1. Given the conditions (1) modelled with pLDDT of 90 or more; (2) under 18 Å from Ala55 (Cβ atoms); (3) exposed (fewer than 13 other Cβ atoms within 10 Å of the Cβ), report the number of the one that Arg280 does not fulfil.
2. Could you list, in sequence order, all residues of segment 163-178 that are closer than 13 Å to Asn136 by Cβ and small (Gly, Ala, Ser)?
3. Would you call Gln235 open to solvent by 60 Å² or more (accessible area, probe 1.4 Å), closer than 30 Å to Val5 by Cβ, of a type outside the set (Phe, Trp, Tyr) and part of a loop (DSSP other than H, G, I, E, B)?
4. Return the residues of segment 65-83 that are in a helix (DSSP H, G or I) and open to solvent by 20 Å² or more (accessible area, probe 1.4 Å); say none if nothing qualifies.
5. For the condition under 19 Å from the mean Cα position of the chain (by Cα), crowded, with 18+ Cβ neighbours inside 10 Å and in a strand (DSSP E or B), what is the one hit in Leu200, Leu215, Leu153?
6. Take segment 240-256 and flag every residue that is of a type outside the set (Ser, Thr, Tyr) and either modelled with pLDDT under 85 or open to solvent by 30 Å² or more (accessible area, probe 1.4 Å) (or both).
7. Step by step: first the residues of segment 110-144, then only those that are within 27 Å of Arg53 (Cβ to Cβ) and either among the aliphatic types (A, V, I, L, M) or part of a loop (DSSP other than H, G, I, E, B) (or both), then the one that is most open to solvent (accessible area, probe 1.4 Å). Which residue is that?
8. Inspect segment 177-184 for any residue being charged (D, E, K, R), farther than 30 Å from Pro72 by Cβ and not in a loop (DSSP other than H, G, I, E, B) and give the result as yes or no.
Amino acid sequence: MFDPVKHGQRKGEALAFDVIQDIFSIVKAKNFTGTSIASTAGNFDENDVGDLRTACVTDNWTEGNRSLLLNPTYGTNLLKQPQIVDASRRGDNGAAFRDGVIGNVLGFGIGETPAMPTNNGTAFAITGTASTNLVNAVAHGLLDGDRVIFPTLTGGAGLTAASVAYFVRDKTADTFKVAATVGGAAVDISTDYSAGTCRLYEDVQGFAALDSAILIGFSPVPPAPAIKDQLFDYQELVDESGLVIQYYHFADPDTDEEVQTMECHYGYGLGDAAQLKIIRSF
């Protein structure tokens with residue numbers, strides 16, 4: 001029943017999944033401050049794609065190479081729309097309905113991935129001081145520009161719980177202020193908060209991007225010739241994203257153990273911040 005080839009494929013897919021999640025951890029409001037849109041998964045449709053198109057054209061995006069990558073729940077609701085499924089309107093021989101492939105919509109190449117991280121954090125306890133407009137939380141770990149919400153607030157006034165996102169500014173190890181926009185004026189806390197919770201809340205559900213929004217490099221480091229000669233098998237496999245997965249198969253004669261491993265080498269960084277627009281639920 002055990003298929004080693006299929007097992008290896010699954011291991012490779014799991015490694016690629018982890019790499020994608022790590023790369024997409026850079027998708028945060030402080031890195032990409034341009035236009036974003038808000039829509040719940042059940043309401044995301046071609047009209048939202050049209051709104052993204054307007055934002056891209058307004059920001060002088062090139063017409064080619066526009067990509068739209070979505071959380072599968074958002075992609076599925078887009079797929080259900082009559083404009084997408086109806087082959088007579090799309091002229092794609094029914095691929096959307098037959099194969100579940102969305103294809104191109106309003107100039108965007110649509111993709112879906114379950115590796116889309118929301119980039120949210122875990123809630124931690126806070127208090128708020130009106131005289132300084134400071135939110136107090138020991139070792140909170142937030143950075144200036146981080147997008148946060150306050151799931152709960154007890155007493156006090158000036159902040160809105162749960163349904164409004166703020167941006168961190170003036171952070172110290174144990175305190176920070178918040179603003180309505182990245183780098184904006186600090187929100188006035190008019191009355192002390194005796195308790196509450198805060199958490200990082202990027203709420204990424206997808207994004208539109210051009211090629212240079214995130215700079216990614218995949219550079220395999222092959223084993224030295226002397227090491228390679230001792231391997232039973234060594235292969236470099238390239239997936240459709242350009243990720244190079246290196247497969248090693250060797251044995252330890254001292255322990256009489258056979259070992260098969262996979263690894264990859266990659267790096268990423270912020271490219272052109274104007275070339276990515278985030279989709280959130282709010």
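1. (3)
2. Scanning segment 163-178 gives a single hit, Ala173.
3. Working: open to solvent by 60 Å² or more (accessible area, probe 1.4 Å): yes; closer than 30 Å to Val5 by Cβ: yes; of a type outside the set (Phe, Trp, Tyr): yes; part of a loop (DSSP other than H, G, I, E, B): no.
Answer is no for this residue.
4. Of all residues in segment 65-83, those in a helix (DSSP H, G or I) come to 72-79, 82-83.
Passing the criteria: Pro72, Thr73, Thr76, Asn77, Leu79, Pro82, Gln83.
5. Leu200
6. Taking segment 240-256 and keeping what is of a type outside the set (Ser, Thr, Tyr), we get 240, 242-246, 249-254, 256.
Result: Glu240, Gly242, Leu243, Phe250, Ala251, Asp252, Pro253, Asp254, Asp256.
7. Of segment 110-144, the ones within 27 Å of Arg53 (Cβ to Cβ) are 110-119.
From what's left, either among the aliphatic types (A, V, I, L, M) or part of a loop (DSSP other than H, G, I, E, B) (or both): 110, 113-119.
Details: Ile110: 30, Thr113: 19, Pro114: 97, Ala115: 1, Met116: 15, Pro117: 19, Thr118: 51, Asn119: 23 Å².
Only one residue tops the list, namely Pro114.
8. Filtering segment 177-184 down to residues charged (D, E, K, R) leaves 177.
Still in the list and also farther than 30 Å from Pro72 by Cβ: 177.
Filter again for not in a loop (DSSP other than H, G, I, E, B), leaving 177.
Within segment 177-184, one or more residues are charged (D, E, K, R), farther than 30 Å from Pro72 by Cβ and not in a loop (DSSP other than H, G, I, E, B).
The values are calculated or read from the model by the stated rules, or taken from the named source; none is laboratory data. Computed from a predicted model, the values in this text were never measured in an experiment. Every residue, glycine as well, gets a Cβ built from its backbone with ideal geometry; the counts of neighbours run over all protein chains shown. Surface areas here come from the heavy atoms of the whole protein model, side chains and all, with no ligands, DNA or RNA. Shrake-Rupley method; radii C 1.70, N 1.55, O 1.52, S 1.80 Å.
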